[in-house]
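Handing you a structure now.
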């Protein structure tokens with residue numbers, strides 16, 4: 001009988017201090033997240049120095065809670081997986097230093113995990129039946145990628161944003177219409193009160209790069225619309241702006257994904273990242289997949305945002321392939337997907 005593999009995952013790439021214990025890559029025994037949203041809300045976004053300090057304060061107790069909730073000890077753990085990029089360098093360093101210390105003290109394998117590969121792996125937790133190959137749309141505050149998941153840990157980027165990530169655009173537009181931070185969930189909620197067809201915001205198409213994205217022009221169009229309305233002393237319907245902006249983003253994301261799936265012969269489509277929790281994106285992608293005969297997969301909301309269970313899942317598949325990191329593992333804030 002094959003021995004169960006327990007992986008302790010650690011995630012500190014931005015403003016969540018998280019630790020989790022996952023069995024065999026898909027069974028979550030614990031997933032503890034200490035959020036800093038309330039701390040950063042007053043600044044309208046994440047302040048790196050504050051995030052790093054809070055990680056230092058919380059990391060030990062979050063790991064202890066993860067172990068206690070899973071009813072295991074550090075001695076029961078087979079490997080330690082940790083996010084080492086991309087992300088905020090100071091925040092990443094806290095998690096990497098902690099993981100290296102535990103690995104050294106216990107003599108257990110250390111596995112550095114790419115944060116975005118973690119987001120892809122979140123789908124394995126929610127969808128136990130999902131196996132590569134599949135096409136994954138990764139949409140978060142810092143990334144918008146179309147990725148061919150050829151095998152566990154084997155990726156090919158076929159499309160990416162040329163400027164703002166989708167989640168970044170959500171945050172900036174939310175700030176412009178007075179919703180505050182974090183913008184994604186607030187726009188999603190407000191958009192339900194507005195008309196998605198009220199304002200014809202643009203959809204960017206990049207010549208010669210059919211799978212790439214661009215959201216800076218859309219963001220500018222929203223800001224110009226607001227400024228123009230204010231100059232004309234016209235009433236601004238925030239719900240209509242939110243709904244129309246969200247529709248423009250979702251339309252582009254779904255259209256590009258469907259095109260790529262057909263062109264590359266993919267029958268399975270997954271979404272991942274914080275924006276994957278957006279209700280309109282899920283509904284539109286689900287409808288498009290059904291219309292085209294594709295299987296559609298997405299993580300439950302708790303695994304869309306930054307968490308350590310997805311990092312432990314990704315680390316498990318690296319562990320199975322014999323991949324290990326040395327104690328020279330360092331934080332790499334601009335780490336590219338597929339790099340080691």
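Please treat every number below as a calculation from the coordinates, not as lab data. All of these numbers come straight from a predicted model, not from anything done at the bench. Every residue, glycine among them, receives a Cβ derived from its backbone with ideal geometry; neighbour counts consider all protein chains shown.
Of [x] 20.4, 62; [y] 21.6, 66; [z] 20.2, 73, which is the value of Rg and Dmax of the Cα atoms in Å derived from the coordinates here?
Given [x] 20.4, 62; [y] 21.6, 66; [z] 20.2, 73, the structure-derived one carries the label [z].
Given a cut-off of 19 Å, what percent of all Cα-Cα pairs of segment 181-269 lie beyond it? If you can, show how the numbers build up before the last one.
Working: 1884 of 3916 pairs.
Beyond 19 Å sits 48 percent of the P(r) for segment 181-269.
For the pair residue 106 and residue 228, how long in nm is the line joining their label points, each one 7 Å along Cα→Cβ?
5.8
To the nearest 10 degrees, how steeply does helix 115-126 sit against the main Cα axis of the chain, on a 0 to 90 scale?
80
For a quick protection proxy, order the peptides 236-243, 14-21 by their average other-Cβ count within 10 Å, most packed first.
On the way: 236-243: 19.8, 14-21: 27.9.
Ranking, from highest mean packing down: 14-21, 236-243.
Oh, and also: If you take every DSSP beta bridge whose two residues both sit in segment 133-298, what share of them, in percent to the nearest 5, is antiparallel? It would help to have the intermediate numbers written out before the result.
Working: 12 of 20 bridges.
In segment 133-298, DSSP labels about 60 percent of beta bridges as antiparallel.
I'd like the antiparallel share, as a percent to the nearest 5, of DSSP beta bridges with both residues in the chain. Spell out each step's value before the answer.
Details: 26 of 43 bridges.
Around 60 percent of the beta bridges assigned by DSSP in the chain are antiparallel ones.
Write down the Kirkwood hydrodynamic radius of segment 133-298, to one decimal in angstroms, obtained as one divided by the mean of 1/r over all alpha carbon pairs. Walk me through the numbers on the way to the answer.
Values: mean 1/r = 0.0621 Å⁻¹.
16.1 Å is the Kirkwood radius here.
Sort 217-230, 169-182, 55-68 for me by packing, meaning the mean count of neighbouring Cβ atoms within 10 Å per residue, highest on top.
Numbers: 217-230: 15.5, 169-182: 20.4, 55-68: 18.4.
Those peptides, ordered most packed to least, come out 169-182, 55-68, 217-230.
Based on the mean of other Cβ atoms within 10 Å per residue, sort peptides 274-286, 319-331 so the most packed one is first.
Details: 274-286: 21.0, 319-331: 14.1.
Ranked from most to least packed, the peptides come out as 274-286, 319-331.
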